[in-house]
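Here's the structure we're looking at; comments come further down.
The values are calculated or read from the model by the stated rules, or taken from the named source; none is laboratory data. Keep in mind the model is a prediction, meaning the values are calculated, not measured. Backbone-built Cβ (ideal geometry, glycine too); neighbour counts: all protein chains shown. These accessible areas exclude ligands, DNA and RNA; they are computed on the full protein's heavy atoms, side chains included. Shrake-Rupley method; radii C 1.70, N 1.55, O 1.52, S 1.80 Å.
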Amino acid sequence: GWGALAAVNHTSLGLRFMVTGMAFFMIGGLLAMLVRTQLALPEQSIIGPDLYNQIFTMHGTVMMFLFAIPVLEGLAIYMIPKMIGARDLVFPRITAFGYYCYLFGGIIIMSSLALGIAPDSGWFMYTPLSGATHAGIGSDFWLLGITFVEISAMAAGIELVVSILRTRAPGMTLRRMPIFCWYILGMALMIVFGFPPLILASILLELERAAGMIFFEVAGGGDPLLWQHLFWLFGHPEVYIIFLPGAGIVSTLIPVFCQRPLVGYRWVVLGVLTTGFISFGLWVHHMFTVGIPQLATAFFSAASMLVAIPTGVQIFAWLATLWLGKPVYRVPMLWLVGFLIVFVAGGLTGVMLALVPFDWQVHDTHFVVAH
C-alpha cells in the first residue's frame with residue numbers, strides 16, 4: 001500500500017531511480033524526434049521557432065539531468081551493496097530523500113512544458129539569454145527544478161562514497177574490490193566536487209531574476225562569462241560522471257565474455273582516478289571561442305589532450321583482455337565491440353577539438369555535434 005512509498009532499502013530505491021529515469025528518457029526521446037523531424041527538410045514549419053527553442057532546451061535538460069545521471073546512479077545504488085557485501089547503503093534515508101528530490105525537480109521542469117511556458121535558452125541556460133532581461137518564467141522553472149535534481153545527485157554521491165569506503169565486507173580491501181565499484185567511487189567523488197558550482201550558479205541566476213541581484217548582467221556590472229565558467233566547471237566533469245559508470249559496465253562484462261580476468265586491474269583503477277582528477281581542469285575547452293586570453297586557452301588545450309591518456313589506458317586494457325582471452329561473441333559482446341569502435345572515434349575527435357585553431361574552424365558545425 002502507501003507504506004511502500006516510505007521504502008528506504010537500496011534495492012527498491014535503485015529500481016525507482018532507473019524506472020523514473022526511463023520514463024523521462026521516453027519523454028526526452030519524443031522531444032528529440034520532434035527536433036529531428038523539424039530539421040529533416042529545409043523550410044519545414046512543423047513547429048514554430050519559439051516552440052522549437054523550448055523543445056530543444058527541454059530535450060537536452062531531460063537527457064542530461066533527468067535521465068543519464070539518475071539512471072546510472074540508480075544502477076550504482078542497486079548494485080554497490082551487493083558487490084561490496086554490505087546490508088545496505090550507509091545512509092538509507094538520504095537515498096530516499098535524494099529520490100524524492102529528483103522526482104519533485106523533474107516534475108517541476110516537465111510541468112513548464114505542459115503549461116506551454118518551458119525554458120527556451122538551451123539546456124546550458126547561457127546568460128544573457130536566460131538573464132533577468134529575458135521575458136517569461138520558463139528559466140525560473142528550470143532553475144528551481146534543476147536545483148532539486150542537483151541536491152538529489154549530491155545525496156547519492158555522498159552516499160556512494162561513504163558506503164564504498166566504510167562498509168565493505170571483512171577482507172575486501174580496496175585492491176580486491178570489483179572494478180565496477182572503483183568506477184562508481186570515481187563517479188561519486190566527481191559528483192561531490194562537481195555539482196556545488198552548478199548549485200551555486202543556479203541559485204545566483206535565480207536571485208538575479210527574482211530579486212534583482214546583479215551577477216551576470218553586463219549593464220549592472222555583472223559578467224555573463226561567469227555563468228559559463230560555473231556551468232562548465234560542473235558540465236565537463238558531468239561528461240565523465242556519465243561515462244565512468246558506462247565504462248565500469250564495459251570493464252565488468254569484457255572479462256566475462258573473454259573468460260579471463262581483466263588485464264591491468266591496477267592500471268585501470270589508476271586511469272579511472274586520473275580521468276576524474278584531470279576532468280576538473282579542462283572546462284574552458286567549451287569556451288575557446290568566447291575571447292579568453294591565449295595563455296589560458298593553451299593550458300586548457302593541453303589538459304584536454306592529457307585526459308586522453310588515462311582513457312587510452314582503459315581502452316588498451318580492454319583490448320589486451322580481448323587479445324589474451326577467448327571471446328564468446330554473444331549479443332552483449334557484440335554491443336561491447338560496437339562500443340569500442342564508436343568510443344575510439346568519439347575520443348579521437350575529442351583530441352582534435354582540443355587543438356584551439358581547429359576548434360575555432362569547426363565551432364558551430366556538426367563536427368562538434370558528432371563528437
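Take the residues of the stretch 72-114 that are among the β-branched types (Val, Ile, Thr) and touching a Lys or Arg at 6+ places or on another chain (Cβ under 7 Å): which is most open to solvent (accessible area, probe 1.4 Å)?
So the residue we want is 90.
Counting only residues that are within 17 Å of residue 353 (Cα to Cα) and touching a residue at least 12 places away in the same chain (Cβ under 8 Å), give me the helices (runs of 4 or more DSSP H) lying completely in the stretch 224-309 with at least 3 of them.
In the stretch 224-309, 224-258, 294-306 are the helices (runs of 4 or more DSSP H) which contain 3 or more residues that are within 17 Å of residue 353 (Cα to Cα) and touching a residue at least 12 places away in the same chain (Cβ under 8 Å).
Is it fair to say residue 197 is touching a His at 6+ places or on another chain (Cβ under 9 Å) and either closer than 28 Å to residue 92 by Cβ or free of Cβ contacts under 8 Å to residues at least 60 places away in the same chain (or both)?
So residue 197 passes the test.
Go through the stretch 275-295 and report how many residues are open to solvent by less than 50 Å² (accessible area, probe 1.4 Å) and more than 18 Å from residue 224 (Cα to Cα).
Within the stretch 275-295, residues that are open to solvent by less than 50 Å² (accessible area, probe 1.4 Å) and more than 18 Å from residue 224 (Cα to Cα) number 6.
Residue 326 versus (1) farther than 20 Å from residue 267 by Cα; (2) open to solvent by 30 Å² or more (accessible area, probe 1.4 Å); (3) assigned to a helix (DSSP H, G or I); (4) of a type outside the set (Phe, Trp, Tyr): which is the lone unmet condition?
So residue 326 meets the others, but not (3).
Pull up the stretch 172-206, narrow it to residues that are over 18 Å from residue 262 (Cβ atoms) and among the β-branched types (Val, Ile, Thr), then point me to the one that is least open to solvent (accessible area, probe 1.4 Å).
Here the residue is 191.
Quick check on the stretch 34-55: of everything there that is in contact with a helix residue (DSSP H, G or I) (Cβ under 6 Å, 6 or more places away or on another chain) and among the hydrophobic types (A, V, I, L, M, F, W, C), which residue is surrounded by the most Cβ atoms within 10 Å (Cβ to Cβ)?
Checking each candidate, the answer is 55.
Just to be sure before I move on: is residue 60 within 17 Å of residue 145 (Cβ to Cβ) and out of contact with any His (no Cβ under 9 Å at 6 or more places or on another chain) in the structure I sent?
yes
Quick check on the stretch 115-168: of everything there that is in a loop (DSSP other than H, G, I, E, B) and hydroxyl-bearing (Ser, Thr, Tyr), which residue is surrounded by the fewest Cβ atoms within 10 Å (Cβ to Cβ)?
Checked the stretch 115-168; the qualifying residue surrounded by the fewest Cβ atoms within 10 Å (Cβ to Cβ) is 133.
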